[in-house]
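Visitor: Sharing a structure here in structure tokens format.
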Number of protein chains: 2
Amino acid sequence: MVRKTKFETAQTRLQIIAAAREVFAERGVSRTTLAQIAKAAGVTRGAIYWHFKNKPDLFFAMLEQVSLPFIDRIDETLPEENPGDPLRGVQASMSEVLRLLKEDMVARTTFEIVVLKCEYVDEFASLDIRVNKTGCAFVQKMIGAYSDAKKRGLLREGIDPAQCALDSYIFIKGIIQLWLSDTDGSLIRGKAQSLIDAHIAMRYK
Amino acid sequence: MVRKTKFETAQTRLQIIAAAREVFAERGVSRTTLAQIAKAAGVTRGAIYWHFKNKPDLFFAMLEQVSLPFIDRIDETLPEENPGDPLRGVQASMSEVLRLLKEDMVARTTFEIVVLKCEYVDEFASLDIRVNKTGCAFVQKMIGAYSDAKKRGLLREGIDPAQCALDSYIFIKGIIQLWLSDTDGSLIRGKAQSLIDAHIAMRYK
DNA sequence: CGCAATATACATTCGTGAATGTTTGTATAT
DNA sequence: ATATACAAACATTCACGAATGTATATTGCG
């Protein structure tokens, strides 16, 4: 019972990735064995070694599946809605991150792995660079938005757009980190949205 | 050549902890073996098993060595200097965190391990709770400071002290995280202090 | 105050399990 | 007919914990 059709092959590949994500989140990346992933996916290690070179290769494939759409979502939400008010765009993209955390279980689990269940070392050290790269892009876009807001006279006096954007990036990274580690929800799970609103409100004139 | 004096025994214990911190930061917690730590400390695994039950035990001992003095530093810097202006106290404690990151290599390395080189899983899952606990205490103290500032009429209108404190906590956690992952220093290493200043400045009336 | 007796502080060795990567086998889509 | 998509089996490495060995600091006792 081997040699599946192309569609089935793609399916098992997706199954392996999905299983890897679950086990990574549960056991941590370094402690999960390929045998555990295989069992969760309903295959053997042979299947994994067929589709992926090794664990890091599978890990980054799992990541890519989420990070690419994620960047797109940010790009979409930032300039959209309220074209006259760039601050609303920043707020919207922050809220979108929060929405993903809340509603998109695949995205949430992936974030959880990246923030809490992975060591940035050896073959995974490049993850650092990857995260920072998308971060820089986000900062650049927010600089544009804040500069635009300043031109339109919406921004408070004495605020430097570049510094303000960096502050917002730090803020949203902090939100993600705290939201994920606040497992019982007492700290910020319910307050995150109003924190974002307050963060933006402080920037208005 | 065994059975050292009490002083020497304490020394080797400290050596093991120091070596553990270095190797943890270099290889990540899960990938470092006790043999590597032993080699770095100039002892054998036997010595480690004498002083510590196992790797998690050694890990938490290493952590305790830093976290206890750290909490004390926060408690000291927050209410100190400028007793008439609580906002300066918050600023001072944030700057102190930054100073530790910059100057105290032991603290920096320990932070680096906790943020980037450790998976919050199994025996290390409780690390999460521990971090959150000191975090909550910090938030509580800042709520006190911001409430005090409000009473004195220093705080901007419409700012809720509790929300403001949580925002500051998120901010400082974001600073730490980004500062540590910004290894080449291009992103925030030089700008962190002015970001803190701006963060506080935004809270003044 | 001196001398066993014993606890201490490790080093060394050993057995075991477990994860990895590879190789081989095989049934089936193309 | 052949390359594909795995499963199954194998060999190797390696980390852990425990057991054992041992030399020396302490300590109790006469």
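Visitor: Rounded to the nearest percent, how much of the accessible area of the range A:1-52 (1.4 Å probe, protein heavy atoms only) is carbon and sulfur?
Guide: 55 percent
Visitor: Against the longest alpha carbon principal axis of chain A, how many degrees, from 0 to 90 and to the nearest 10, is the axis of helix A:192-201 turned?
Guide: With rounding to tens, the tilt is 30 degrees.
Visitor: Please state, as a whole number in µm²/s, the translational diffusion coefficient that the Stokes-Einstein equation yields for the range B:1-133 at 37 °C and 0.692 mPa s, with Rh defined as the Kirkwood radius across alpha carbon pairs.
Guide: Rounded to a whole number, D works out at 201 µm²/s.
Visitor: Right, something else. So which of A:141/A:191; A:4/A:55; A:151/B:191; A:117/A:173 end up more than 18 Å apart, counting from Cα to Cα?
Guide: Pairs exceeding the cut-off: A:141/A:191; A:4/A:55; A:151/B:191.
Visitor: Here is a further query. With the label 7 angstrom out along Cα to Cβ, how close does residue B:80 come to the same site in each of the other copies, in nm, nearest first?
Guide: Copy-to-copy label distances at residue B:80, shortest first: 5.0 nm.
Visitor: How far is residue B:134 from itself in the other copies, in nm, if each label sits 7 Å out from Cα along the Cα-Cβ line, shortest first?
Guide: 3.0
Visitor: I'd like the distance between the alpha-carbon centres of the range A:98-122 and the range B:1-49, rounded to an integer number of Å.
Guide: 33 Å
Visitor: Once the Cα atoms of helix A:6-27 and of chain A are each reduced to a long axis, what angle between those two axes, in degrees from 0 to 90 to the nearest 10, is obtained?
Guide: Long axis of A:6-27 versus the principal axis of chain A: about 70 degrees.
Visitor: Taking the Cβ of residue B:167 as the centre, find all other residues whose Cβ is under 15 Å away and add up their charges (Lys, Arg: +1; Asp, Glu: -1).
Guide: After counting each charged neighbour, the total is +4.
Visitor: Please state, as a whole number in µm²/s, the translational diffusion coefficient that the Stokes-Einstein equation yields for the range B:1-52 at 37 °C and 0.692 mPa s, with Rh defined as the Kirkwood radius across alpha carbon pairs.
Guide: Here the translational diffusion coefficient equals 296 µm²/s.
Visitor: Given a Förster radius of 25 Å and the C-beta distance between residue A:15 and residue A:137 as r, what FRET efficiency does 1/(1 + (r/R0)^6) yield to the nearest 0.05?
Guide: 0.20
Visitor: Using Stokes-Einstein with the Kirkwood hydrodynamic radius over Cα pairs, what translational diffusion coefficient do you get for the range A:125-187 at 37 °C and a viscosity of 0.692 mPa s, in µm²/s rounded to a whole number?
Guide: Once the numbers are plugged in, D ends up at 248 µm²/s.
Visitor: Can I ask one more? Which order do A:188, A:176 take when ranked by solvent-accessible area (1.4 Å probe, heavy atoms of all protein chains), largest first?
Guide: A:176, A:188
Visitor: Just to be sure I understand: with springs between alpha-carbon atoms less than 10 Å apart, which residue in A:141, A:39, A:117 has the highest mean-square fluctuation in the Gaussian network model of chain A?
Guide: A:39
Visitor: What number do you get for the range A:26-99 when its Cα radius of gyration is normalised by 2.2 N^0.38 Å, N = residues?
Guide: Normalised by 2.2 N^0.38 Å, the Cα Rg of the range A:26-99 equals 1.64.
Visitor: Continuing with the same structure: Could you list, bin by bin from short to long, the percent of Cα-Cα pairs of the range B:62-201 in 5 Å steps?
Guide: Values per bin, smallest distances first: 2, 9, 18, 23, 19, 15, 8, 4, 1, 0.
Visitor: While we're on this one: Compute the long axis of helix A:105-116 from its Cα atoms, compare it with the longest principal axis of the Cα atoms of chain A, and write down the angle in degrees, 0 to 90, nearest 10.
Guide: Once rounded, one gets 90 degrees.
Visitor: Using alpha carbons only, how many angstrom separate the centre of the range A:127-205 from the centre of the range B:68-95?
Guide: A separation of 25 Å, based on Cα centres.
Visitor: Could you pull the Cα extents of the protein assembly as shown along its three principal axes, largest to smallest, in whole Å?
Guide: 71, 64, 35 Å, listed from the longest principal axis down.
Visitor: Still on this structure: Just to confirm, what accessible area per residue do you get for chain B at 1.4 Å probe, in whole Å²?
Guide: On a per-residue basis, 48 Å².
Visitor: Run the dipole for the range B:62-201 about the Cα centre, Lys and Arg Cβ at +1, Asp and Glu Cβ at -1, nothing else charged, and hand back the magnitude in debye, nearest 20.
Guide: 380 debye
Visitor: Sticking with this one: Can you tell which of B:66, B:188, B:201 lies farthest toward the positive end of the dipole of the range B:62-201, using +1 and -1 charges on the Cβ of basic and acidic side chains (Lys, Arg; Asp, Glu)?
Guide: The one lying farthest along the dipole's positive direction is B:201.
Visitor: Something else now. What are the distances, in nm and sorted shortest first, from the label point of residue B:15 to the label points of the same position in each other copy, with each label point placed 7 Å from Cα along the Cα-to-Cβ direction?
Guide: Ordered by increasing distance: 5.4 nm.
Visitor: While we're on this one: Counting only protein heavy atoms and rolling a 1.4 Å probe, how much accessible area do A and B lose on contact, total for both sides, in Å² to 100?
Guide: About 3800 Å² of accessible surface is lost on pairing.
The values are calculated or read from the model by the stated rules, or taken from the named source; none is laboratory data. None of the values given here were measured: they were computed from a predicted structure. Quick reminder, even Gly has a Cβ in these numbers, built from the backbone with ideal geometry, and neighbours come from all protein chains shown. Surface accessibility is based on the protein's heavy atoms, side chains included, excluding ligands, DNA and RNA. Shrake-Rupley method; radii C 1.70, N 1.55, O 1.52, S 1.80 Å.
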